Protein chains: 2
Amino acid sequence: MSEDDQAVMVRNLLADLPLAGAEESFSPILERRGLRIERIVSHGHATPADRPYQQAEDEWVMVVAGAARLWLDGTGEVELGRGDHLLIPSGLRHRVT
Amino acid sequence: MSEDDQAVMVRNLLADLPLAGAEESFSPILERRGLRIERIVSHGHATPADRPYQQAEDEWVMVVAGAARLWLDGTGEVELGRGDHLLIPSGLRHRVT
C-alpha cells in the first residue's frame, strides 16, 4: 500500500441501529471466501419454535451489547451477556428465545 | 447433529484478562481455513514506531471494550471507541499508538 491509497474507514457497530420493534436485522460488514461477518440486531425478537435457524455454515456469535437467550439443539437454552461468544456448528438447529 | 453430540460451550471474551502492564496479548478463539479469530488485549501498549505490524492477511478489528489509538500507513492516526471496527488490508503498516 502507498500513501496514495484510499484511507482506511472506521465504522461503528452500535451506530444506526434499527428501531425497536422491528424484525431481527442482519447487516453485512465484510465478505470473503469462506467468511461472512454480519451485525445481528434483535429487540426482544424470538424465532418461532417450529422454524428454527439451521445453516450450512458454522456460525460464531458474540454479544457486543445487551443480552440474548438462545436455544440450541442438544444443549438447551443458554443466556448470553456482553462478551459471551459461542460457535454454532453447521446444521445445528437453534433459535433466539 | 444429534442430541448425543457435545453441548455447545459459551465463553466470555472479557473474562480472564491478562494483568495490566503486561505486553499486548493475543489469544486464539477460532481457526478455520482462511480465518483466525483472536482476542487482542492492550493496556496502554504502544508498538515501537520503527517496528510496525505488517501482515500477509487482511485483519478486521473491532473494539469490544475500552478504547485504542491506531496509526495506519496512508491514513494517519485514528481513535477507536467501543463498537468501532475497521479493515486493515494485508501489507498495510500499522501500529498501536
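The values are calculated or read from the model by the stated rules, or taken from the named source; none is laboratory data. Just so it is clear, the model here is predicted, and its values are computed rather than measured. Backbone-built Cβ (ideal geometry, glycine too); neighbour counts: all protein chains shown. Accessible surface is based on the protein model in full, side chains and every heavy atom, while ligands, DNA and RNA are left aside. Shrake-Rupley method; radii C 1.70, N 1.55, O 1.52, S 1.80 Å.
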Failed criterion for A:S90 (all others in (1) open to solvent by 40 Å² or more (accessible area, probe 1.4 Å); (2) more than 19 Å from B:M9 (Cβ to Cβ) hold): (2)
Which count do you get for residues in region A:5-38 that are within 12 Å of another protein chain (Cβ to nearest Cβ), open to solvent by 80 Å² or more (accessible area, probe 1.4 Å) and of a type in the set (D, E, K, R)? 6
If you go through region A:39-67, how many residues are open to solvent by less than 50 Å² (accessible area, probe 1.4 Å) and touching a Leu at 6+ places or on another chain (Cβ under 7 Å)? 6
Just to be sure before I move on: is B:T75 out of contact with any Pro (no Cβ under 8 Å at 6 or more places or on another chain), among the hydroxyl-bearing types (S, T, Y) and at the interface with chain A (Cβ under 8 Å from one of its Cβ atoms) in the structure I sent? yes
For residues that are assigned to a loop (DSSP other than H, G, I, E, B) and at pLDDT 95 or above, scanning just region A:76-97, find the one that is nearest to B:E38 (Cα to Cα). A:G83
Any residue that is β-branched (V, I, T) and either over 27 Å from A:L87 (Cα atoms) or modelled with pLDDT under 95 (or both) - is there at least one of those in region B:41-51? yes
Scope region A:68-81; condition surrounded by 14 or more Cβ atoms within 10 Å (Cβ to Cβ) and over 13 Å from the mean Cα position of the chain (by Cα); matching residues: A:W71, A:L72, A:D73, A:G74, A:T75, A:V78
Name the pairs: first residue in region B:11-22 and under 12 Å from B:A65 (Cα atoms), second residue part of a strand (DSSP E or B) and modelled with pLDDT under 95, Cβ to Cβ under 7 Å, at least 6 apart or on different chains? B:L17/B:V41
